[in-house]
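Step one of this worksheet: look at the structure below.
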Amino acid sequence: MSTSIRHAEPGLTVAGVVGAGLMGRGIAAVLARHGIEVRLFDIDASALAAAVDALAAQGLPVRAVRSLDEVAWGADFVTEAIAENLTVKQSVFAQLDAADAHAVLATNTSVLPVTSIAERTSRPDRVVGTHWWNPPDLIPVVEVVRGDRTADAVVDATVARLTALGKLAVRVEKDVPGFVGNRIQHALWREAIALVHEGICDAQTVDLVVRNTIGLRLAEMGPIQNADYVGLDLTLAIHDAVLPAINRDPGPSPLLRRLVAAGRLGAKTGEGFLQWGPGERDAAASRLAAHVRTQLSERARGATPRAEEKETA
Ligand SMILES: NC(=O)c1ccc[n+]([C@@H]2O[C@H](COP(=O)([O-])OP(=O)(O)OC[C@H]3O[C@@H](n4cnc5c(N)ncnc54)[C@H](O)[C@@H]3O)[C@@H](O)[C@H]2O)c1
């Protein structure tokens, strides 16, 4: 499919970011750090001002703009990072589409179909998923998701541009809910919550076991390499025995629904599965960022070719 993208090569001079919350602010920081002119828009003027101030404090200039037209007009690449709501995202993409005929339009949705987000645009071929992970300036992978109508050239240009920004851009060839990472993550979350709901162990024990077993291993050896490493015959025997026993409910846990209905939303309300005192959420965020930084610098020091980068099944 042919497209009229302004820069099919990594060249990226002007970028727009819609949504100045947690993710939009972090994505804007990565772009600005690479010398790209960044226009930032948020429907909430105070969120926009706070983000621009926070970025300026890090020496990162971004331009606050007052409309979607200003974000998109003449930009090479626009990323949306607003609320996870399909109708709102569709409306934003329709407006971005009407404002400029050339920019690649990317959505940071975590789980919504890229194809549906593009539905109200005149050019769904230039809409692509770019799923960044939090914290966006630290986590290496960005999943580049092909919608049903995304052009090959748009996927290729997006991968090239993200690579030029220092990200590990991976291609997700089908527009499935949760892409790759969130499918795996929430398969684990579902079982974690089920273990608590079924009274097999308490919430603290789930985290303690994960952090001190697979959590220690996964950043070094992923599940596919681990299956090969222990032997696929053993993996098959384990799956024969355990898969029939683990949770496969098609919807969220009743325990999770009960907590949310009771207003126990986690750190932001002071109580979820666990109790959260004042300042504990920020402290957890700092510890997490420090941990990720340490792992990445260790990895950079001892870099060796990795099995999953050499072999494909
Ligand atoms: N938080 C994460 O860990 C994470 C990770 C990956 C992807 N995402 C996805 O990124 C997106 C943003 O998530 P977040 O955590 O940054 O949310 P957030 O609530 O921190 O920020 C969203 C921002 O979007 C603004 N906004 C809402 N509607 C808007 C509109 N119509 N026009 C302009 N601005 C609007 C809000 O005012 C807010 O400042 C969501 O789609 C989410 O699923 C989040």
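The values are calculated or read from the model by the stated rules, or taken from the named source; none is laboratory data. Treat the numbers as computed from the prediction; the structure is a model and nothing was measured. FYI the Cβ positions are ideal-geometry reconstructions off the backbone, even for glycines, and counts take in every protein chain you see.
The figures follow:
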read-out: Members of the stretch 17-44 that are basic (K, R) and touching a helix residue (DSSP H, G or I) at 6+ places or on another chain (Cβ under 8 Å); value: R25, R39
read-out: Only listed residue being closer than 24 Å to W276 by Cβ, of a type in the set (D, E, K, R) and touching a residue at least 12 places away in the same chain (Cβ under 8 Å), chosen from R190, R211; value: R190
read-out: Checking H131 against (1) within 27 Å of A300 (Cα to Cα); (2) within 13 Å of the ligand (Cβ to nearest atom); (3) in contact with a helix residue (DSSP H, G or I) (Cβ under 7 Å, 6 or more places away or on another chain), the condition it does not meet; value: (3)
read-out: Leading residue by the ranking (nearest to A194 (Cα to Cα)) among those in the stretch 264-274 that are free of Cβ contacts under 8 Å to residues at least 60 places away in the same chain and surrounded by 10 or more Cβ atoms within 10 Å (Cβ to Cβ); value: G272
read-out: Positions within the stretch 201-220 being among the hydrophobic types (A, V, I, L, M, F, W, C) and under 21 Å from the mean Cα position of the chain (by Cα), in sequence order; value: L218, A219
read-out: Options E80, E84: the member that is within 12 Å of the ligand (Cβ to nearest atom) and surrounded by 20 or more Cβ atoms within 10 Å (Cβ to Cβ); value: E80
read-out: Residue check for G222: within 15 Å of the ligand (Cβ to nearest atom) and of a type in the set (G, A, S); value: no
read-out: Tally, over the stretch 85-114, of residues that are under 20 Å from R39 (Cβ atoms), out of contact with any Phe, Trp or Tyr (no Cβ under 9 Å at 6 or more places or on another chain) and modelled with pLDDT of 95 or more; value: 10
read-out: Where V180 falls short, out of the listed (1) surrounded by fewer than 14 Cβ atoms within 10 Å (Cβ to Cβ); (2) within 20 Å of the chain's Cα centre (by Cα); value: (1)
read-out: One residue from I238, I246 being within 20 Å of A192 (Cβ to Cβ), in the same structural domain as V196 (by TED's automatic domain parsing), aliphatic (A, V, I, L, M) and over 30 Å from the mean Cα position of the chain (by Cα); value: I238
read-out: Residue count for the stretch 17-45, restricted to those that are among the β-branched types (V, I, T) and within 6 Å of the ligand (Cβ to nearest atom); value: 2
read-out: Checklist (1) at pLDDT below 95; (2) in the same structural domain as E119 (by TED's automatic domain parsing) applied to I82, failing item; value: (1)
read-out: Residue that is surrounded by the fewest Cβ atoms within 10 Å (Cβ to Cβ) [pool: residues in the stretch 104-132 that are farther than 15 Å from V155 by Cβ and not polar (S, T, N, Q)]; value: V111
